[in-house]
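Trainee: Can you read through this structure? Questions will come right after.
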Amino acid sequence: PVFPLPQFLGPAIGIDFEASYVREVQEGIRDRVWIAFGITYLGIFAVVFFLARTLTSPIQKLTYSAERLGEGDYNQDITKVHSGGLTRDEIVTLADVFAIMAGKVYQREQTLRKQVEALRIEIDETKRSKQVREIAETDFFKDLQSKARGMRKRDKGTS
């Protein structure tokens, strides 16, 4: 019995392949897919590594500058954070704000140092006057004062 083909299939051509040839073609395709996958994976890895390094480098530089600032080194070159950048992004804005903040912190520290120095002088003067007062209030000093007055009176009487 011959079955009529549906009209949408049209005439069919039959080709006969051996199973070993089909397996060979499949293995060849599989090998090429693995090679393409490996090359693509390495390419994507290189691009991600480059982009990650490019994006994190300014943050690492800013972190280093922040650490140095925390140690009291206010001579930080924040411009190195965004040197060579073609665009003005959030990192550059953060670096600029950080530079302003570092300047203000430095000014405040200088003001505090001056205030501490003034307080030291005031405390030293207070200590000195307290020590003088303690000496002046001792019986020995009072006795010396009365002897000095007596000597002055005698000197006035003999002159």
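The values are calculated or read from the model by the stated rules, or taken from the named source; none is laboratory data. All of these numbers come straight from a predicted model, not from anything done at the bench. Virtual Cβ from ideal backbone geometry, glycine too; neighbours counted across all protein chains shown. Note: accessible area is taken over every heavy atom of the protein model, side chains too, but ligands, DNA and RNA are not part of it. Shrake-Rupley method; radii C 1.70, N 1.55, O 1.52, S 1.80 Å.
Results for (1) among the polar types (S, T, N, Q); (2) open to solvent by less than 100 Å² (accessible area, probe 1.4 Å); (3) modelled with pLDDT under 85; (4) touching an Asp or Glu at 6+ places or on another chain (Cβ under 6 Å), shown as yes or no for each residue.
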| residue | (1), (2), (3), (4) |
| --- | --- |
| Pro1 | no, no, yes, no |
| Pro4 | no, no, yes, no |
| Ile13 | no, no, yes, no |
| Glu27 | no, yes, no, no |
| Phe49 | no, no, no, no |
| Arg53 | no, no, no, no |
| Thr63 | yes, yes, no, no |
| Arg68 | no, yes, no, no |
| Asn75 | yes, no, yes, no |
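Trainee: Here is a follow-up. Kindly indicate whether any position in the stretch 89-104 is surrounded by fewer than 10 Cβ atoms within 10 Å (Cβ to Cβ), charged (D, E, K, R) and in a loop (DSSP other than H, G, I, E, B).
Mentor: no
Trainee: From the residues in the stretch 141-154 that are farther than 23 Å from Gln131 by Cβ and open to solvent by 100 Å² or more (accessible area, probe 1.4 Å), which one is farthest from the chain's Cα centre (by Cα)?
Mentor: Arg154
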